[in-house]
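Structure, as structure tokens:
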Amino acid sequence: MPCLFCRIASGEIPASKVYEDTDVLAFNDINPQAPLHVLIVPKRHIATTNDLTEADEALVGKLVRTAAAIAAQEGYGERGYRTVFNCNAEAGQTVFHVHLHLLAGRPLAWPPG
Ligand code: AMP
Ligand code: ZN
């Protein structure tokens, strides 16, 4: 049984898509924590950032650059935004398919909770 984000990446489950190419998909988070809350995911299943390999370095760069491009496109490039990978239980990861959170549009406290 494919995971939730594999099912979204394959089109089996609908999502509010923001960007898509052969390697990555970006879609709006279903439970947004800021005015802009987008998830950028690799189309290929990778469970956590612990599972990334050297061969994934370009893919990870693409996730980050896609987040920056979406932030700029939505008008938050200068104002600021946050990108976050949660990994495993203590970081609150709930979907075990690597995803980069892009958050913007309100002051974001530091340190995070
Ligand atoms: P994390 O806690 O880092 O694993 O983040 C998982 C994120 O996926 C949460 O912010 C959820 O709101 C989001 N999410 C869960 N199901 C969906 C869905 N069907 N479409 C969009 N976002 C989702
Ligand atoms: Zn998956």
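Inspect all residues belonging to segment 65-77 and state whether any of them is within 24 Å of Cys6 (Cα to Cα), modelled with pLDDT of 95 or more and either in contact with a His (Cβ under 7 Å, 6 or more places away or on another chain) or assigned to a loop (DSSP other than H, G, I, E, B) (or both).
No: zero hits.
For segment 82-111, which residues satisfy the criterion of being within 16 Å of ligand 2 (Cβ to nearest atom), among the β-branched types (Val, Ile, Thr) and open to solvent by less than 60 Å² (accessible area, probe 1.4 Å)?
Val95, Val98
Is there a residue in segment 72-81 that is open to solvent by less than 50 Å² (accessible area, probe 1.4 Å) and under 15 Å from the mean Cα position of the chain (by Cα)? Steps first, answer last, please.
Of segment 72-81, the ones open to solvent by less than 50 Å² (accessible area, probe 1.4 Å) are 76-77, 80.
Still in the running and under 15 Å from the mean Cα position of the chain (by Cα): none.
No - not one qualifying residue is present in segment 72-81.
Among the residues that make up segment 7-27, is at least one of them under 12 Å from the mean Cα position of the chain (by Cα) and either part of a helix (DSSP H, G or I) or on the phi > 0 side of the Ramachandran plot (or both)?
no
Which residues, taken from segment 28-49, are open to solvent by less than 50 Å² (accessible area, probe 1.4 Å), out of contact with any Leu (no Cβ under 6 Å at 6 or more places or on another chain) and within 27 Å of Gly75 (Cβ to Cβ)?
Leu36, Leu39
Filter segment 27-59 down to residues that are within 13 Å of ligand 1 (Cβ to nearest atom) and in contact with a helix residue (DSSP H, G or I) (Cβ under 6 Å, 6 or more places away or on another chain), then give me how many there are.
Going through segment 27-59 one residue at a time, the tally reaches 3.
Name the residues in segment 34-47 that are assigned to a loop (DSSP other than H, G, I, E, B), under 13 Å from the mean Cα position of the chain (by Cα) and under 21 Å from Ala68 (Cα atoms), would you?
Lys43
Hey, Thr22 hits all of (1) in contact with a helix residue (DSSP H, G or I) (Cβ under 9 Å, 6 or more places away or on another chain); (2) polar (S, T, N, Q); (3) more than 22 Å from Pro112 (Cα to Cα) but one; which does it fall short on?
(1)
Can we say Ala69 is over 12 Å from the mean Cα position of the chain (by Cα), buried (at least 18 other Cβ atoms within 10 Å of the Cβ) and touching a residue at least 24 places away in the same chain (Cβ under 8 Å)?
No, not satisfied.
Scan segment 93-109 and report the pairs whose first residue is at positive phi and whose second residue is within 15 Å of ligand 1 (Cβ to nearest atom), with Cβ atoms within less than 9 Å and a gap of 6+ or a chain change.
Final answer for the pair search is Gly105/Ala34; Gly105/Pro35; Gly105/Leu36; Gly105/His37.
The values are calculated or read from the model by the stated rules, or taken from the named source; none is laboratory data. Not measured: the values here are computed from a predicted model. Note: ideal-geometry Cβ built from the backbone for every residue, glycine included; neighbour counts use all protein chains shown. In case anyone asks, the SASA skips ligands and DNA or RNA and just uses the protein heavy atoms, side chains included. Shrake-Rupley method; radii C 1.70, N 1.55, O 1.52, S 1.80 Å.
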